[in-house]
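**Q** Take a look at the following structure, please.
The values are calculated or read from the model by the stated rules, or taken from the named source; none is laboratory data. Model, not experiment: these values are computed from the prediction. Using ideal geometry, Cβ is built from the backbone for each residue, glycine included, and neighbour counts are taken over all protein chains shown. Please note that ligands, DNA and RNA were not included when accessible areas were found on the heavy atoms of the full protein model with its side chains. Shrake-Rupley method; radii C 1.70, N 1.55, O 1.52, S 1.80 Å.
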Amino acid sequence: EFIGYGLTTNQIQEKVKQLLHSKMFHLQDVLDAVPLLMKSCKYEEISIGLLLVNGFQKEYTIQTLETIGNWFSMSIHNWAHADILGMYILPKFIDQKIVTINDFRDWLLSPYKFQRRCVPVTLIKPMKKTRQVLPYISFVEPLMNDQEREVHQGVGWFLREAWKIQPEETEAFLLKCKEIAPRLIMQYACEKMTPDKKLLFKRSK
């Protein structure tokens, strides 16, 4: 259920630009404020808080990641907020070599489905940068048994991007998993394939 004011994405982004341009605060101020914004449950307030965090990447530390990890128990309850983290914020920790992908291993076992979803979404940018898919596919493979739809979507999206980079390696993995993988994962992963190619990854009757 949406709880918010009805602001447009452009309005939210413009407010974030204004706040960042003011240079009135630092990352720690934002990290302290986000849990307070989460208590309101307002979509826009949480979005602004997360996007402000995204604007302070030069101040990120390992402790910043630990703080973000705690937010899933508070109010990261939808794919939009999870994907602000996974698409924009979290990849920067890897790119800046603050952490490695292994620092997200515990997230694979998180009781919070959106924290688990963040793992494959976060790894898309590092995978595109290295142009290697197998280490990343191996890392997210435990999520192939996840029970949550939102996680299936994130894993399928990740595998679709892996296929664009190294189709043969990704297809070999999909063939190995096609009989047991959730169908939504396979649907997303095969989305850009030709109709004939997609048939190879249909579960046997």
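**Q** Under 13 Å from a point 7 Å along the Cα-to-Cβ line of K128: which residues of the range 78-107 have their amide N that close?
**A** Residues 87-89, 91-92 fall inside that zone.
**Q** Using the Karplus curve 6.51 cos²θ - 1.76 cosθ + 1.60 with θ = phi - 60°, work out ³J(HN,Hα) for each residue of the range 7-12 in order, rounded to whole Hz, and write x for Gly and Pro.
**A** 5, 7, 4, 4, 5, 4
**Q** Each residue of the range 30-37 in order: what ³J(HN,Hα) in whole Hz does its phi give by Karplus 6.51 cos²θ - 1.76 cosθ + 1.60, θ = phi - 60°, with x for Gly and Pro?
**A** Calculated HN-Hα couplings, in order: 5, 4, 6, 7, 4, x, 5, 5 Hz.
**Q** Next question, about the same structure. Please work out the C-alpha center-to-center distance from the range 100-147 to the range 24-41 and express it in whole Å.
**A** If we compute the Cα centre of each part, the gap is 27 Å.
**Q** Give me the lysines in straight-line cross-link reach of K129: C-alpha distance below 24 Å, same-chain residues under 8 apart excluded.
**A** Straight-distance partners of K129: K58, K92, K97, K164, K192.
**Q** Okay, next question. Can you give me the accessible area per residue for the range 24-105, using a 1.4 Å probe, in Å²?
**A** For the range 24-105, the solvent-accessible area averages 48 Å² per residue.
**Q** Roughly how many debye, to the nearest 20, is the charge dipole of the chain about its Cα centre, given +1 on each Lys and Arg Cβ, -1 on each Asp and Glu Cβ, and no other charges?
**A** Roughly 640 debye for the chain.
**Q** Just from the alpha-carbon atoms, what are the Rg and Dmax of the chain in angstroms?
**A** Final numbers for Rg and Dmax: 18.1, 62 Å.
**Q** Shifting gears a bit: Going from most exposed to least, what order do R149, R105, R117 have by accessible area with a 1.4 Å probe? It would help to have the intermediate numbers written out before the result.
**A** Numbers: R149 145, R105 115, R117 15 Å².
Heavy-atom accessible area, descending, gives R149, R105, R117.
**Q** Now, a different point. Counting only helical runs of four or more DSSP H residues, what would the 222 nm mean residue ellipticity of the chain come to if each run contributes -39,500 (n - 2.57) and the total is spread over all its residues?
**A** One gets -18500 deg cm²/dmol as the mean residue ellipticity at 222 nm.
**Q** Could you compute how much accessible surface I68 exposes when probed at 1.4 Å, giving the result in Å² to the nearest 10?
**A** 0 Å²
**Q** Which whole-Hz couplings ³J(HN,Hα) result when phi for each residue of the range 103-118 is put into the Karplus expression 6.51 cos²θ - 1.76 cosθ + 1.60, θ = phi - 60°, listed in order with x for Gly and Pro?
**A** 3J(HN,Hα) across the range 103-118, in whole Hz: 6, 9, 4, 5, 5, 4, 9, 4, x, 9, 4, 6, 6, 5, 4, 4.
**Q** With a 1.4 Å probe and all protein chains left in place, how much of the accessible area of the chain comes from carbon and sulfur atoms, in whole percent? If you can, show how the numbers build up before the last one.
**A** On the way: 6060 of 11260 Å².
Summing carbon and sulfur atoms, their accessible area is 54 percent of the total for the chain.
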